[in-house]
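Chemist: Have a look at the structure that comes next, please.
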């Protein structure tokens, strides 16, 4: 009797799962006009922002903060297709994340124009678009390089990148000596930055906080309140803890590593598509709420032993505006990165362990199972 009951339960579960792809696909076609409209609208917005930031910079806080927008022949595909701008931040004599080797001419053009005093060169983490020019900028300016101990380990030697990332952004060179390890604080020309470990986007990530100015140089520790296509470095459970740390800071200006600034301060002028008029702490809270909801969806799905593709779909229900608004862009990212950046990796990012039950793969994942 018990065996019969279990068999019926299994059959019912199988039937529900078999119906799911049909229902979800039907939902896609119902939403398809909205998906296409949102995709076209987003493409126009990306083109507009790219045109406004091309070869440009923002000089803020009487020159204390400068955002240099970086370009390159192949790197330009990223802001045009996905909206992720490339920047170097100059803050109070410190150069933060000086871009990749394929953006070097762009960075060099900025430096010739403004001739800044750079006393230190820093990387918030070891991703290629942040560290490719560390050695070059240090040699050019004579400024020492500062990185965290873990970042130094990742950069000596630098791992071989997947082909798509190496081709578009550029394979960084190994970090050269001499370099210095970051402590808990970093002296600037007129003050001090607090160094805070913020793993999640990657294990070695740090942010820089100026308590006097109430300004956070967030790197990639904050990438908008909604972010759906991480790479295999992301551990979202660690990211949640890091965001909970950041929400405790008194932040009035939040500077992202990819070009966006969140603030209500009147001394930061408007720049459409770059300056977001919102309280940085509210933006972080929204990100926390979204990631906590994702964690609940994903943990529930694994407890119920659902296939990864079903769990992924449950995180992007067609009833949620963000699901269909970003669908075209997200699937384009999945396709062009050969699955390296994808919604599937978002699911994986909540269940990573040292035993790696969901191994990283780099094939295109458009349909089918795990």
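Since every read-out is calculated from the coordinates, none of them should be taken as a lab result. Keep in mind that what you see is a predicted model, and the values were worked out from it rather than measured. Note that each Cβ is placed from the backbone with ideal geometry, even for glycine, and that neighbours are counted across all protein chains shown.
Chemist: Would you order 314, 106 from fewest to most other beta-carbon atoms within 10 Å of each residue's own beta-carbon? Don't skip to the answer; put the middle values down first.
Modeler: Values: 314 17, 106 21.
By the 10 Å Cβ count, ascending, the order reads 314, 106.
Chemist: Next question, about the same structure. How far is it, in nm, from the label point at residue 24 to the one at residue 52 when both lie 7 Å from their Cα along the line to the Cβ?
Modeler: 3.6 nm
Chemist: Most exposed first by the Cβ proxy, i.e. fewest other Cβ within 10 Å, how do 263, 88, 141 rank?
Modeler: Numbers: 263 22, 88 25, 141 16.
Result, fewest neighbours first: 141, 263, 88.
Chemist: Compute the relative contact order of the range 78-157 as a whole-number percentage, counting only Cα pairs closer than 8 Å that sit 6 or more residues apart in sequence.
Modeler: Values: 114 pairs, mean separation 21.9, N = 80.
RCO, the range 78-157: 27 percent.
Chemist: Ok, one more. In whole angstrom, how far apart do the alpha carbon centroids of the range 35-72 and the range 120-151 sit?
Modeler: 24 Å
Chemist: Between residue 156 and residue 266, what is the spin-label point distance in nm, taking each point 7 Å from the Cα along the Cα→C-beta axis?
Modeler: Inter-label distance under the simple model: 5.0 nm.
Chemist: Multiply the residue separation of residue 81 and residue 331 by 0.36 nm, subtract the distance between their alpha-carbon atoms, and state the gained length in nm to one decimal.
Modeler: Details: separation 250, 0.36 × 250 = 90.00 nm, distance 1.14 nm.
88.9 nm is the gain from fully extending residue 81 to residue 331.
Chemist: How would you rank 336, 134, 26, going from fewest to most other Cβ atoms within 10 Å of each one's own Cβ? Kindly include the intermediate steps, with their values, before the conclusion.
Modeler: Details: 336 17, 134 27, 26 11.
With the sparsest Cβ surroundings first, the list reads 26, 336, 134.
Chemist: For the range 174-263, take N as its residue count and report Rg(C-alpha) divided by 2.2 N^0.38 Å. Show your work: numbers first, answer last.
Modeler: On the way: Rg = 13.7 Å, N = 90, 2.2 N^0.38 = 12.2 Å.
Rounded to two decimals, the normalised Rg is 1.13.
Chemist: Estimate the FRET efficiency between residue 44 and residue 244 by the formula 1/(1 + (r/R0)^6), using the beta-carbon distance for r and 35 Å for R0, to the nearest 0.05.
Modeler: Working: r = 36 Å, r/R0 = 1.03.
Step by step, r from the Cβ atoms, then E = 0.45.
Chemist: Moving on. Before rounding to the nearest 500, sum -39500 (n - 2.57) across all DSSP H runs of length at least 4 in the chain and divide by the residue total; then give [θ] at 222 nm in deg cm²/dmol. Before the final figure, lay out the partial values.
Modeler: Working: 13 runs with 156 residues, N = 370.
For the chain, the value works out to -13000 deg cm²/dmol.
Chemist: Another question, then. Roughly what % of Cα-Cα distances in the range 97-141 sit above 18 Å, to the whole percent? Don't skip to the answer; put the middle values down first.
Modeler: On the way: 187 of 990 pairs.
It works out to 19 percent of all Cα pairs.
Chemist: Can you tell me the length gained on complete extension of the stretch residue 279 to residue 302, counting 0.36 nm per residue apart and subtracting the Cα distance? Numbers along the way, then the final one.
Modeler: Values: separation 23, 0.36 × 23 = 8.28 nm, distance 3.52 nm.
My answer for the length gained is 4.8 nm.
Chemist: Further question on the same structure: For the range 65-221, count the residues as N, evaluate 2.2 N^0.38 Å, and divide the Cα radius of gyration by that value, please.
Modeler: Working: Rg = 14.6 Å, N = 157, 2.2 N^0.38 = 15.0 Å.
Normalised Rg, Cα atoms only: 0.97.
Chemist: May I ask you to work out the translational diffusion coefficient for the range 50-104 at 20 °C, viscosity 1.002 mPa s, via Stokes-Einstein with Rh from the Kirkwood sum over Cα pairs, reported in whole µm²/s? Please list the in-between numbers first.
Modeler: Values: Rh = 11.7 Å.
Taking Rh from Cα pairs, D becomes 184 µm²/s.
Chemist: For a quick size check, give me the Cα extents of the range 236-296 along its three principal axes, largest first, whole Å.
Modeler: So the three principal-axis extents are 38, 22, 17 Å.
Chemist: While we're looking at this one, here's another question. Can you give the angle from 0 to 90° between the axis of helix 236-246 and the longest principal axis of the chain, with both taken from C-alpha atoms, to the nearest 10?
Modeler: 50 degrees
Chemist: How big is the equivalent ellipsoid of the chain along its three axes, where each semi-axis is √(5λ) from the Cα gyration tensor, reported in whole Å from largest to smallest? Could the numbers behind the result be given before it?
Modeler: Working: eigenvalues 297, 96, 80 Å².
One finds semi-axes of 39, 22, 20 Å for the chain.
Chemist: Kirkwood hydrodynamic radius (Cα pairs, Å) of the range 211-334? Display every interim value, and only then the final one.
Modeler: Working: mean 1/r = 0.0626 Å⁻¹.
The answer is 16.0 Å.
Chemist: What value does the range 8-137 have for Rg/Rh, both radii from Cα atoms and Rh as Kirkwood defines it? Display every interim value, and only then the final one.
Modeler: Numbers: Rg = 22.3 Å, Rh = 17.7 Å.
Rounded to two decimals, Rg/Rh equals 1.26.
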